[in-house]
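First comes the structure, then the notes that go with it.
The values are calculated or read from the model by the stated rules, or taken from the named source; none is laboratory data. Predicted, not measured: the structure shown is a model, and the values here were computed from it. Glycine also receives a Cβ, built like all others from the backbone with ideal geometry; neighbour counts cover every protein chain displayed. Note: areas computed on protein heavy atoms with side chains; ligands, DNA, RNA excluded. Shrake-Rupley method; radii C 1.70, N 1.55, O 1.52, S 1.80 Å.
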Amino acid sequence: MVKIVLDAGHGGTDSGAVGNGLLEKNLTLNIVKKIGDMLKDYEGVEVIYTRTDDRFIELSERATIANRAKADFFLSVHINAGGGTGFESYIYNGKVSSAAIAYQNVIHQEIMKSIGNVNDRGKKRANYAVLRETNMPAILTENLFIDSAGDAAKLKSEQFLLQVAHGHVEGIAKAFGLKKKATTLTQTKTSTTPAQEKLYRVQVGAFSDRKNAERLAEELKKKGYPTIIV
Ligand SMILES: [Zn+2]
């Protein structure tokens, strides 16, 4: 079982960066929830959230949650500000394991692949509390600039946020060698149709969250399968 802590930056009285009608704390929670949902498609993953609603949590507490759970990986999601554009990722600038460096390489690369035409600001290192105080490999991502009009327009798109989440998930899956759960395939024979015209309905997946169903439906449509959501 791979234990992954998902940390949505800021929250509650700490809104994080603000700009173009957006609050960092809402975007980070949105992205982190999408990441958690997508990770449910993989076998052998346990997701632990530092927060799942709009509340304030101290930085040290976030690290403590991960340390207490003896997590295998800590991911903190943030939105940048201060004039600039694009994506960058961070690991601790002190002593880190070779695994932490390897995970940053693959996750950074998968995110850049997934988010399309976005400026790559590079793989960086910094003395951030959540990176310093966590006992396991930890990464912090800064997903575009809330105070850039161009970046903010992207951050306002649910589709773009799905791409951001998807990139994180692809990276984590590669880093930890996660395998997708087998999709359930049920065949229904319809007895009323003549033998030579038998129709088989193939059902792929059942989701409690409609968004996940829509995501899979989109994938199937792209591959040329006529798809309906029941
Ligand atoms: Zn932040």
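Numbers below:
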quantity: Any hit, the range 99-113, residues being free of Cβ contacts under 8 Å to residues at least 60 places away in the same chain, away from the ligand (no atom under 16 Å from the Cβ) and touching a His at 6+ places or on another chain (Cβ under 7 Å); calculated: no
quantity: Sole exception among (1) small (Gly, Ala, Ser); (2) within 19 Å of the chain's Cα centre (by Cα); (3) over 22 Å from residue 10 (Cα atoms); (4) assigned to a loop (DSSP other than H, G, I, E, B) for residue 71, by number; calculated: (3)
quantity: Residue 180 being at pLDDT 95 or above and either surrounded by fewer than 17 Cβ atoms within 10 Å (Cβ to Cβ) or outside the structural domain of residue 86 (by TED's automatic domain parsing) (or both); calculated: yes
quantity: Hey, residue 124 of a type in the set (D, E, K, R), surrounded by fewer than 17 Cβ atoms within 10 Å (Cβ to Cβ) and within 18 Å of the chain's Cα centre (by Cα) or not; calculated: no
quantity: Qualifying residue in the range 53-65 (condition: touching a Leu at 6+ places or on another chain (Cβ under 7 Å), under 24 Å from residue 176 (Cα atoms) and assigned by TED's automatic domain parsing to the domain that holds residue 171); calculated: no
quantity: Residues within the range 60-84 that are surrounded by 16 or more Cβ atoms within 10 Å (Cβ to Cβ) and more than 16 Å from residue 136 (Cβ to Cβ), tallied; calculated: 5
quantity: Candidate set: the range 16-49, residues that are open to solvent by less than 60 Å² (accessible area, probe 1.4 Å) and part of a loop (DSSP other than H, G, I, E, B); chosen: the one nearest to the ligand (Cβ to nearest atom); calculated: 16
quantity: Qualifying residue in the range 192-205 (condition: aromatic (Phe, Trp, Tyr), at pLDDT below 95 and open to solvent by 50 Å² or more (accessible area, probe 1.4 Å)); calculated: yes
quantity: Criterion: polar (S, T, N, Q), within 16 Å of the ligand (Cβ to nearest atom) and either under 24 Å from residue 87 (Cβ atoms) or at pLDDT 95 or above (or both) - qualifying residue of 13, 52; calculated: 13
quantity: Yes/no for residue 118 being open to solvent by less than 80 Å² (accessible area, probe 1.4 Å), modelled with pLDDT of 95 or more, assigned by TED's automatic domain parsing to the domain that holds residue 71 and under 14 Å from the mean Cα position of the chain (by Cα); calculated: no
quantity: Top-ranked residue in the range 50-68 [being in a loop (DSSP other than H, G, I, E, B) and out of contact with any strand residue (DSSP E or B) (no Cβ under 7 Å at 6 or more places or on another chain); ranked as nearest to residue 163 (Cα to Cα)]; calculated: 52
quantity: Matching residues in the range 59-90 - criterion: being of a type in the set (A, V, I, L, M, F, W, C) and more than 16 Å from the ligand (Cβ to nearest atom); calculated: 65, 66, 69, 71, 73
